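Participant: Questions regarding the structure given below will be posed in turn.
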């Protein structure tokens with residue numbers, strides 16, 4: 001069976017996220033920083049009238065913040081009823097990959113965010129587990145509940 005992935009880059013490597021979990025890909029818009037949030041959270045953005053937490057993909061993967069000359073992109077993910085904007089260096093393609101080509105990572109201390117790796121020609125694409133991304137973001141429900149312009153609070157204003 002084939003699955004379709006959005007491919008993005010982080011620190012020179014390629015990563016895939018299952019297209020079924022992707023709401024949209026957005027260009028950079030103004031990020032509002034918030035005090036006392038986890039290190040992986042850049043801040044919040046307003047996209048189509050919805051306030052969404054922005055998560056730094058480089059920090060999730062490497063514990064180093066995204067720094068780049070180009071404007072980052074946001075991959076909006078909907079997983080387990082939560083929407084997040086995963087900030088990435090760039091998105092460069094949509095790719096179909098056979099399930100049989102995705103192999104589990106069997107190394108010591110393998111990153112639990114990685115479901116497996118796919119070999120496509122001479123390329124190695126790490127397939128991210130979008131469910132684990134949300135699970136890793138332990139404060140997501142609290143963050144969404146406490147956002148200054150959450151949907152519930154917008155209706156009051």
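This table checks each residue for (1) surrounded by fewer than 15 Cβ atoms within 10 Å (Cβ to Cβ); (2) in contact with a strand residue (DSSP E or B) (Cβ under 7 Å, 6 or more places away or on another chain); (3) farther than 17 Å from residue 41 by Cα; (4) modelled with pLDDT under 85.
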| site | (1), (2), (3), (4) |
| --- | --- |
| 69 | yes, no, yes, yes |
| 75 | no, yes, no, no |
| 87 | no, yes, no, no |
| 96 | yes, yes, yes, no |
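Participant: Would you confirm whether any residue within the stretch 138-145 is at pLDDT below 85, over 24 Å from residue 2 (Cβ atoms), in contact with a strand residue (DSSP E or B) (Cβ under 6 Å, 6 or more places away or on another chain) and not in a loop (DSSP other than H, G, I, E, B)?
Facilitator: Scanning the stretch 138-145, I find at least one residue that is at pLDDT below 85, over 24 Å from residue 2 (Cβ atoms), in contact with a strand residue (DSSP E or B) (Cβ under 6 Å, 6 or more places away or on another chain) and not in a loop (DSSP other than H, G, I, E, B), so the answer is yes.
Participant: Which condition from (1) modelled with pLDDT of 90 or more; (2) crowded, with 20+ Cβ neighbours inside 10 Å is the one that residue 55 breaks?
Facilitator: Going through (1) modelled with pLDDT of 90 or more; (2) crowded, with 20+ Cβ neighbours inside 10 Å one by one, residue 55 breaks only (1).
Participant: I'd like the residue in the stretch 105-116 that is over 22 Å from residue 78 (Cα atoms) and surrounded by 11 or more Cβ atoms within 10 Å (Cβ to Cβ) and, out of all such residues, is modelled with the lowest pLDDT.
Facilitator: 110
Participant: Going residue by residue through the stretch 32-41, is there one that turns out to be in contact with a helix residue (DSSP H, G or I) (Cβ under 9 Å, 6 or more places away or on another chain), in contact (Cβ under 8 Å) with a residue 24 or more places away in the chain, surrounded by 12 or more Cβ atoms within 10 Å (Cβ to Cβ) and not in a loop (DSSP other than H, G, I, E, B)?
Facilitator: yes
Participant: I want to confirm something. Restricting to the stretch 1-22 and keeping residues that are closer than 20 Å to residue 47 by Cα and either without any contact (Cβ under 8 Å) to a residue 12 or more places away in the chain or more than 11 Å from the chain's Cα centre (by Cα) (or both), which single residue is surrounded by the most Cβ atoms within 10 Å (Cβ to Cβ)?
Facilitator: Across the stretch 1-22, the extreme among qualifying residues is 19.
The values are calculated or read from the model by the stated rules, or taken from the named source; none is laboratory data. Just so you know, these numbers come straight off a predicted model, no measurement behind them. Positions of Cβ are backbone-derived with ideal geometry, glycine not excepted, and every protein chain shown enters the neighbour counts.
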